[in-house]
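Trainee: Before anything else, here's the structure in question.
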Amino acid sequence: MQSSLVYSHDLNAYDLGTEHALRPERVEGAVAMMRSHDLLGAAGLNVIEPHPAGREDLERVHDAAYIDAVIRASALGAPDDLSHGIGAGDTPVFAGMHTAAALVAGGSIEAMRAVLEGGDTRSLAIAGGLHHAHRDRAAGFCVYNDPAAAIAWALEREPRMRIAYIDIDAHHGDGVQETFWNEPRVLTVSLHESGRYLFPGTGFPDERGGPLAKDSAANIPLPQYATDACYDFAFDAAVAPLVSRFRPDLIVSQNGADALHSDPLTSLGLTLGGYRMLVERISALSHRLCEGRLVALGGGGYDWQEMVPRAWTLLAASLLGREMPASLTEGAGPVLREGAEEHLLRRTREVVAEVMRGREY
Ligand SMILES: [Zn+2]
């Protein structure tokens, strides 16, 4: 089984500013840690270079007017109008933004290409996973939606393909869901902290896909402080049966590490052991359903010095089927008062029942 990592230092150019939460150093740190655990090179992930996504690649998932606005803002280093969500709060403009964002999108397309054309079974594009970008606007730190661009590229190349997208980022994968809302060849499944508490405020069980693609979207909004046991239950009772029933030819995963309990921007309770359990189950699903074909992307993750590199090293190991030393998952878990976990589990069971109600699976 051949597997690859799409990576180059040039991806660091996606930098929203020194004071911004999304640090490019987290990708660097993760790749360095993968290397120190012998996960890269001849016996591990073969490192391949990303190329910038072309205009045609971006236009599959974004409006031409939006791309033009990004290009103009990118040249000025400032937005010339705020109509496309760029330069407004979360997603500040920086000089060279278009080129940097196009390289991230191109990296995820390259990861897809490695599996569809390059003979790889799985591939990892760790700087990718910018799942909040919409067709006509930037949002939530995301300029171009690389998961959507990679999936759209694959569908154009192989129109009969069925792709399951599994998103474990703490935030709802709204942009990807929106892109494929009416697309029966793509199932989007997002496990996230409930939009009642967290950006982008969407991703509820009643969001199930458009009229041409009924039940092609599934959303599992977890309560705040949801623990490993909540994730364990939700994965087994919702994610695995839904994806199995869909019979995908390939799985794309978004592996944001911001559901970890120490994350400064979110309020979930996942430990590194829980994160490993999730990425290993996604990997096992791909073996069971689609001969191991898996394109794994990064995503959020703001405890970037300590936890994100460890999480993404565990992700890389899961793609290779490698055991990692216990030291990688060590550390204190979230502190909950007595009885809280039972309450969170009960709440998760209710949410999952709502997600599964009336679905065929
Ligand atoms: Zn996130």
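Trainee: Can you confirm whether the range 135-146 contains a residue that is modelled with pLDDT under 95, within 16 Å of the ligand (Cβ to nearest atom), part of a loop (DSSP other than H, G, I, E, B) and surrounded by 24 or more Cβ atoms within 10 Å (Cβ to Cβ)?
Mentor: Checked against the condition, which is being modelled with pLDDT under 95, within 16 Å of the ligand (Cβ to nearest atom), part of a loop (DSSP other than H, G, I, E, B) and surrounded by 24 or more Cβ atoms within 10 Å (Cβ to Cβ), the range 135-146 yields at least one hit.
Trainee: Another one. Scan the range 156-191 residue by residue and report those that are buried (at least 24 other Cβ atoms within 10 Å of the Cβ), touching a His at 6+ places or on another chain (Cβ under 8 Å) and not in a loop (DSSP other than H, G, I, E, B).
Mentor: Asp167, Asp174, Gly175, Val176, Ser190
Trainee: Of Leu285, Leu270, which residue is at pLDDT 95 or above, touching a strand residue (DSSP E or B) at 6+ places or on another chain (Cβ under 8 Å) and away from the ligand (no atom under 16 Å from the Cβ)? Don't jump to the end; show me each part of the working.
Mentor: On the way: Leu270 fails: away from the ligand (no atom under 16 Å from the Cβ).
Unique residue meeting the criteria: Leu285.
Trainee: Okay, moving on. Are any residues in the range 288-301 within 16 Å of the ligand (Cβ to nearest atom) and of a type outside the set (A, V, I, L, M), and if so, which ones?
Mentor: Gly298, Gly299, Gly300, Gly301
Trainee: Does any residue of the range 257-267 turn out to be within 16 Å of the ligand (Cβ to nearest atom), of a type outside the set (Gly, Ala, Ser), farther than 18 Å from Ala353 by Cα and in contact with a Ser or Thr (Cβ under 6 Å, 6 or more places away or on another chain)?
Mentor: Yes, the range 257-267 contains at least one residue that is within 16 Å of the ligand (Cβ to nearest atom), of a type outside the set (Gly, Ala, Ser), farther than 18 Å from Ala353 by Cα and in contact with a Ser or Thr (Cβ under 6 Å, 6 or more places away or on another chain).
Trainee: Tally up the residues in the range 311-353 that are aliphatic (A, V, I, L, M) and either loosely packed, with under 15 Cβ neighbours inside 10 Å or farther than 30 Å from Leu124 by Cβ (or both), please.
Mentor: So the first thing to find is which residues in the range 311-353 are aliphatic (A, V, I, L, M), and the list is 311, 314-317, 319-320, 324, 326, 328, 332, 335-336, 340, 344-345, 351-353.
Okay, now just the ones that are also either loosely packed, with under 15 Cβ neighbours inside 10 Å or farther than 30 Å from Leu124 by Cβ (or both), so 326, 332, 335-336, 340, 344-345, 353.
Total meeting the criteria: 8.
Residues are listed down the side, and each one gets a yes or a no for (1) of a type in the set (S, T, N, Q); (2) over 19 Å from the mean Cα position of the chain (by Cα); (3) more than 15 Å from Ser108 (Cα to Cα):
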position: Leu5; (1), (2), (3): no, no, no
position: Glu25; (1), (2), (3): no, no, yes
position: Asp38; (1), (2), (3): no, yes, yes
position: Ala42; (1), (2), (3): no, yes, yes
position: Val61; (1), (2), (3): no, no, no
position: Ala64; (1), (2), (3): no, yes, yes
position: Ala69; (1), (2), (3): no, yes, yes
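Trainee: Could you check the range 162-204 and list, in sequence order, the residues that are away from the ligand (no atom under 15 Å from the Cβ), in contact with a helix residue (DSSP H, G or I) (Cβ under 9 Å, 6 or more places away or on another chain) and charged (D, E, K, R)?
Mentor: Selection gives Arg162, Glu178, Glu183, Arg185.
The values are calculated or read from the model by the stated rules, or taken from the named source; none is laboratory data. Predicted model, so just to flag it, every value in this text is computed and none were measured. As a convention, Cβ positions derive from the backbone with ideal geometry for all residues, glycine included, and neighbour counts pool all protein chains shown.
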